[in-house]
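Quick notes on the structure that follows.
Where a number appears in this text, it was derived from the coordinates with a stated rule and is not lab data. Keep in mind it's a predicted model, so treat the numbers as computed, not measured. Neighbour counts are summed over all protein chains in view; Cβ atoms, including those assigned to glycine, are modelled from backbone coordinates with ideal geometry.
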Amino acid sequence: MGKVLVTGGAGFIGSHLVDLLIAEGTEVVIVDNLSSGSLKHVHPSSHLFKLDILDERVADVFQEHPDIDRIVHLAAQSKVGPSVLNPTYDAQVNIQGTIRLLEFSRKYGVKQFVFASSAAIYGPSHTLPIREEFPALPLSPYGTSKYAAEAYVKTYGRLYGLNVHVLRFANVYGPRQTAETEAGVISIFIEKLLKNEQPIIFGDGKQTRDFIFVLDVVNAIRSCLETETNQEVDPVYNVSTGLQTSVEDLLKELCAQLNVTYAPAFEQERSGDIKHSCLDQQKLQKHLTWNPRIALNEGLAKTIAYYQTRE
Ligand SMILES: NC(=O)c1ccc[n+]([C@@H]2O[C@H](COP(=O)([O-])OP(=O)(O)OC[C@H]3O[C@@H](n4cnc5c(N)ncnc54)[C@H](O)[C@@H]3O)[C@@H](O)[C@H]2O)c1
């Protein structure tokens, strides 16, 4: 595979992707401003540019590496709360930042563009699991900016023949995730339990999420990098397990694996939280060579092992 640019390659999902690509012998360039990513997770054989995607100097990256032929665009303002407080900044990073990368793709003849979108674009749905063609009704500026960016990505696909894939991730979890991110509940619970602190459940614990292990997500991205866009199919795919797990059952499983008593504190449900979220993954399974492989108990064991051995 030719040279790949991974924006956000120092982050949770990005750093796992970079590790996989480099292990396969692919040359990787990273653009990351390290706002939530960490140097610790940056593969030493990658070419790191510590830059904001909005920075003019991103042009230098392409001048130094004009042979970048694939882009995985993961860098984002990816938190719901801050998007509500500062929707303008959220739109600048998520919409304008994406357009800038699409423009570089056009100018430098990039062949493949994979864009990280989110379940947040759907909003609440009465019918689960949610399929890609369900209406987008985002409940946050974050969901809206991701949805707008998706539209630009698809426009560049149609206009310039760029091979594009839009991946809507469910709640991703695994090693290296920081407690503040969208699916931080798993890292928050594990950190609390390891410190012998009481975990807090907001609401009754019956709310459900579709938790997907980070390596399954990375394999989905990997699969898109080698697949030409199918002109017959809208290039938008959920990346999920299609399974619902309640927050209560999740915590019970973590307690069982850590051999501690299940005794959470319950606090008031947070406003804006969706009760149930679950995405249908069958379209991705049908059109790309991909299957979610890591069962929740196995993924949780790997995540616990990471937190136990982390310095
Ligand atoms: N983790 C999830 O559950 C989840 C779910 C849905 C969608 N996503 C999307 O997947 C992508 C990756 O998420 P993640 O969980 O790895 O988050 P992350 O915060 O760990 O990674 C994002 C990376 O982008 C970098 N970054 C942020 N803003 C930047 C900017 N303006 N310029 C350059 N670099 C910047 C950060 O430093 C970080 O390394 C994001 O686009 C996010 O919206 C994640």
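So which residue, out of 200, 53, 221, gets the largest mean-square fluctuation from a GNM of the chain using Cα contacts under 10 Å as springs?
Maximum among the listed residues: 200.
Note down the nm distance, to one decimal, between modelled labels 7 Å out along Cα→Cβ at residue 244 and at residue 55.
4.4
Among 25, 287, 8, which residue has its Cα positioned farthest towards the positive end of the charge dipole of the chain, with +1 placed on the Cβ of Lys and Arg, -1 on the Cβ of Asp and Glu, and the dipole taken about the Cα centre?
287
Taking the Cα centre as origin and putting +1 on Lys and Arg beta-carbons and -1 on Asp and Glu beta-carbons, what dipole magnitude results for the chain, to the nearest 20 debye?
120
If I build a Gaussian network model for the chain, linking alpha-carbon pairs within less than 10 angstrom, which residue out of 167, 258, 74 has the largest mean-square fluctuation?
258
Could you compute Rg(Cα) / (2.2 N^0.38 Å) for region 223-264, with N its residue count?
Relative to the rule-of-thumb radius for its length, region 223-264 sits at 2.06.
Taking 0.36 nm per intervening residue step and subtracting the Cα-Cα distance, what contour gain separates residue 24 from residue 65 on full extension?
Contour length minus Cα-Cα distance gives 12.8 nm.
Taking the Cα atoms of region 201-251 alone, what are Rg (to one decimal) and Dmax (as a whole number) in Å?
So, for region 201-251, Rg and Dmax equal 15.4, 45 Å respectively.
Cα-based Rg of region 45-167 per 2.2 N^0.38 Å, rounded to two decimals?
1.11
For region 259-311, what are the per-bin percents of Cα-Cα distances with bins 10 Å wide, up to the bin holding the maximum?
Using 10 Å bins, I get a P(r) of 15, 25, 37, 21, 2 for region 259-311.
With a cut-off of 8 Å between alpha carbons and a minimum separation of six or more residues, what is the relative contact order of region 26-172 in percent?
Contact order relative to length: 24 percent.
If a/c stays under 1.5 just call it rounded; otherwise compare a/b with b/c (prolate if a/b is bigger, oblate if not). Do that for region 22-63, with a ≥ b ≥ c from the square roots of the Cα gyration tensor eigenvalues.
Oblate.
Could you name the aspartates and glutamates in cross-link range of residue 283, using Cα to Cα under 20 Å and dropping any fewer than eight places away on the same chain?
The qualifying aspartates and glutamates are 132, 133, 150, 210, 216, 226, 228, 232, 234.
Using DSSP to call loops (not H, G, I, E or B), can you name the trypsin sites (Lys or Arg not before Pro) in region 171-244 whose Cβ has at most 16 other Cβ atoms within 10 angstrom?
Those satisfying the criteria are 195, 206.
Just flag the GluC sites (Glu not before Pro) in region 93-175 sitting in loop per DSSP whose Cβ has no more than 15 other Cβ atoms within 10 Å.
133
Simple spin-label model, 7 Å along Cα-to-Cβ: residue 260 to residue 159 in nm?
Once both label points are built, they end up 5.2 nm from each other.
Enter the Cα centre distance for the pair region 1-19 and region 115-159, rounded to the nearest angstrom.
Region 1-19 and region 115-159 have Cα centres separated by 22 Å.
Can you flag which of 50/154; 79/146; 192/252 are past 18 Å Cα-Cα?
50/154
Out of region 227-278, which chymotrypsin sites (Phe, Trp or Tyr not before Pro) are coil in DSSP terms and have no more than 15 other C-beta atoms within 10 Å?
Those satisfying the criteria are 262.
Which whole number in µm²/s is D for region 1-101 by Stokes-Einstein, with the Kirkwood Rh taken over Cα pairs at 10 °C and 1.306 mPa s?
116
How large is the helix-only mean residue ellipticity at 222 nm for the chain, computed as the sum of -39500 (n - 2.57) over DSSP H runs with n ≥ 4, divided by its residue count, in deg cm²/dmol to the nearest 500?
Taking each H run of at least 4 residues, the total per residue is -11000 deg cm²/dmol.
Evaluate the Debye formula for the chain with equal point scatterers sitting on the alpha carbons, no solvent, and hand back log10 of I(q)/I(0) at q = 0.08, 0.09, 0.14 Å⁻¹, in q order, two decimals.
Taken in order of the listed q values, log10 I(q)/I(0) reads -0.34, -0.43, -1.07.
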